[in-house]
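Provided herewith is a single structure, encoded as structure tokens, for subsequent inquiry.
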Amino acid sequence: MWNQQPTNVFSALDQLKTSPTKTNRQLGFGFKIAASSDHSIIMTRGDAVFVFGQNEFISGVSHKIKNCNVPTIIPSETFSNQEIKDIAAGEKQSYFTTKSSTVFAYGDNYFGELGFKDTEYRRSPEVIPLTNFGNQSIKQVATGHAHSIVLAENGRVFACGDNNHGQLGLGDRTNPKAPTEILRANFHNQSIKQVATGHTHSIFLTENGRVFVSGHDGWGQLGLFSVLESYPTEISLDCFSGESIKQVAAGQSYSIFVTQNGKVFVCGYNNKGQLGVGGYYNQKSLTAIPQARFGGESIKQVAAGFAHSIFVTQNGKVFVCGYNNKGQLGIGKRDTSHLDVPTEIPREDFDNEMVISAAVGDSHTIFQTDHNSFYSCGLNQYGELGLGHNIDQNTPQRITFFDNLSNIYGQAGAPVAAGFDRLRI
């Protein structure tokens, strides 16, 4: 077990205190959070990026150190002193996109999922040449088990990596090492605003709230009653009771969709009750979760993991369902191995603060509150909860490290984006 700052990385607090470039305004404490199967990433609105969990997939930390169980800063020099605007954590790979649209990536690259046009493993973040994305400014990266979808600011989409189930949406099942554009015509000439990736499927959300999907549909995760779709295929709005969609999330083999009115639809694998519809039958078609199960509240944000789901309401309440073998639901009952309907985590467990975002990994969860406090629960084998130890937690525990940062720099309740992308089968 390791519970000190590594000697080759500045203490996060000391570095932030002494850095003349990291002002209150730049830090902002409007965070983004990402969680993978065994490591977590939290970034500020400026260029401070903190990582914790399994060291094999953490850059900037001595590889003599087995685990990082406290948040550790990646030196800004790693990113050429550029400010980071987005992060993505895959099963064994991570991406960092800067405000100048430079994309850094590291980790596994067996199928070419990093986008370097090769299959070489990267131990630390390297710049992906922008020419690999047609010199487009990059908005978001979503990465699953071994494939990646890259979204440009103008709504164009590129894909690379594992495509054995057609999950890249390129119309075939070859595995391109070079990012390859999915033609806009395949989205009916609509611009894409968000992408999500599961183990072997992908979801594309357009600017006008329509949804396209590709990849494996064996468990019903595409909601199409098919087996495999190698081209992006649209899900009719009729399947969502005619409502447009504002957010999508992809679990390992299931999908969650949130409508503009805060209603939730789900489909796919449901062996642990992760769909929240009651029972454990897979859902091959889109199924609505009654809003009554969320206390009649509208849903603001969802996160989908290996087999557990998190729902955050407009009023800052949190509901959970699915697998709970490591306490990842945060309901305080490790002997409750799974829940098949959404169950609320009491606000008292977050010190009466409102939750505004959540990110999930394989078996752990991270929450952010409106006071920019962070809580975590679930598996902590590698220190992925950021609590300074390696003991699993079955209720949300405050990551006190970030309280210290907030005390120094103040707070700003800005919205966050949660990513996670994941997972082993």
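Take the residues in segment 332-362 that are at pLDDT below 95 and not in a strand (DSSP E or B); name whichever of them is nearest to Pro396 (Cα to Cα).
The qualifying residue nearest to Pro396 (Cα to Cα) is Gly332.
Tally the residues that are open to solvent by 10 Å² or more (accessible area, probe 1.4 Å), part of a loop (DSSP other than H, G, I, E, B), within 12 Å of Gly166 (Cα to Cα) and not hydroxyl-bearing (Ser, Thr, Tyr), restricting the search to segment 200-236.
Matching residues across segment 200-236 total 1.
When you go through Val227, Val258, Val264 one by one, which is the residue that is without any contact (Cβ under 8 Å) to a residue 60 or more places away in the chain and over 28 Å from Lys317 (Cβ atoms)?
Answer to the check: Val227.
A follow-up question, please. Among residues belonging to segment 261-300 that are among the charged types (D, E, K, R), open to solvent by 40 Å² or more (accessible area, probe 1.4 Å) and over 17 Å from Val213 (Cβ atoms), point out the one that is nearest to the chain's Cα centre (by Cα).
Looking at residues that are among the charged types (D, E, K, R), open to solvent by 40 Å² or more (accessible area, probe 1.4 Å) and over 17 Å from Val213 (Cβ atoms), I get Lys300.
Now for a separate question. Limited to segment 352-380, what total is found for residues that are hydroxyl-bearing (Ser, Thr, Tyr) and under 21 Å from Ser337 (Cβ atoms)?
Looking only at that region, the number is 3.
What do you reckon, is Val195 among the aliphatic types (A, V, I, L, M), open to solvent by less than 10 Å² (accessible area, probe 1.4 Å), within 19 Å of Gln252 (Cβ to Cβ) and touching a Leu at 6+ places or on another chain (Cβ under 6 Å)?
Here the answer is yes, as Val195 does meet what is asked.
Let me ask you something else. Given (1) more than 25 Å from Ala304 (Cβ to Cβ); (2) surrounded by 20 or more Cβ atoms within 10 Å (Cβ to Cβ), where does His147 come up short, assuming only one miss?
So His147 meets the others, but not (1).
Given the options Ser363, Ser337, Ser285, Ser298, name the one that is among the hydroxyl-bearing types (Ser, Thr, Tyr) and out of contact with any Gly (no Cβ under 9 Å at 6 or more places or on another chain).
Ser337
Could I ask something else about it? From (1) out of contact with any His (no Cβ under 9 Å at 6 or more places or on another chain); (2) open to solvent by less than 30 Å² (accessible area, probe 1.4 Å); (3) within 22 Å of His216 (Cβ to Cβ), pick out the condition that doesn't hold for Phe133.
Phe133 satisfies all of (1) out of contact with any His (no Cβ under 9 Å at 6 or more places or on another chain); (2) open to solvent by less than 30 Å² (accessible area, probe 1.4 Å); (3) within 22 Å of His216 (Cβ to Cβ) except (3).
Separate question: Out of Asn380, Asn372, I need the residue that is at pLDDT below 95, within 22 Å of Asp403 (Cα to Cα) and either part of a loop (DSSP other than H, G, I, E, B) or charged (D, E, K, R) (or both). Which one?
Result of the check over Asn380, Asn372: Asn372.
If you check every pair at least six apart or on different chains, which have Cβ atoms under 6 Å apart with a residue in segment 237-248 that is farther than 14 Å from Phe212 by Cα and open to solvent by less than 50 Å² (accessible area, probe 1.4 Å) first and a residue that is assigned to a strand (DSSP E or B) and of a type outside the set (A, V, I, L, M, F, W, C) second?
The qualifying pairs are Glu243/Thr259.
Pairs only if they're at least six apart or on different chains, beta carbon under 6 angstrom, first in segment 33-48 and of a type in the set (D, E, K, R) and open to solvent by 10 Å² or more (accessible area, probe 1.4 Å), second part of a loop (DSSP other than H, G, I, E, B) and at pLDDT 85 or above; list them, first residue then second.
The qualifying pairs are Asp38/Tyr382; Asp38/Glu384; Asp47/Glu83.
Considering each residue of segment 252-303, count those that are part of a strand (DSSP E or B), more than 17 Å from His216 (Cα to Cα) and in contact with a Ser or Thr (Cβ under 8 Å, 6 or more places away or on another chain), and give that number.
Number satisfying all stated conditions: 8.
The values are calculated or read from the model by the stated rules, or taken from the named source; none is laboratory data. If you're wondering where the values come from, they're calculated on a predicted model, not measured in any experiment. Backbone-built Cβ (ideal geometry, glycine too); neighbour counts: all protein chains shown. When the accessible area is computed, the model is the full protein with side chains, heavy atoms only, and any ligands, DNA or RNA have been set aside. Shrake-Rupley method; radii C 1.70, N 1.55, O 1.52, S 1.80 Å.
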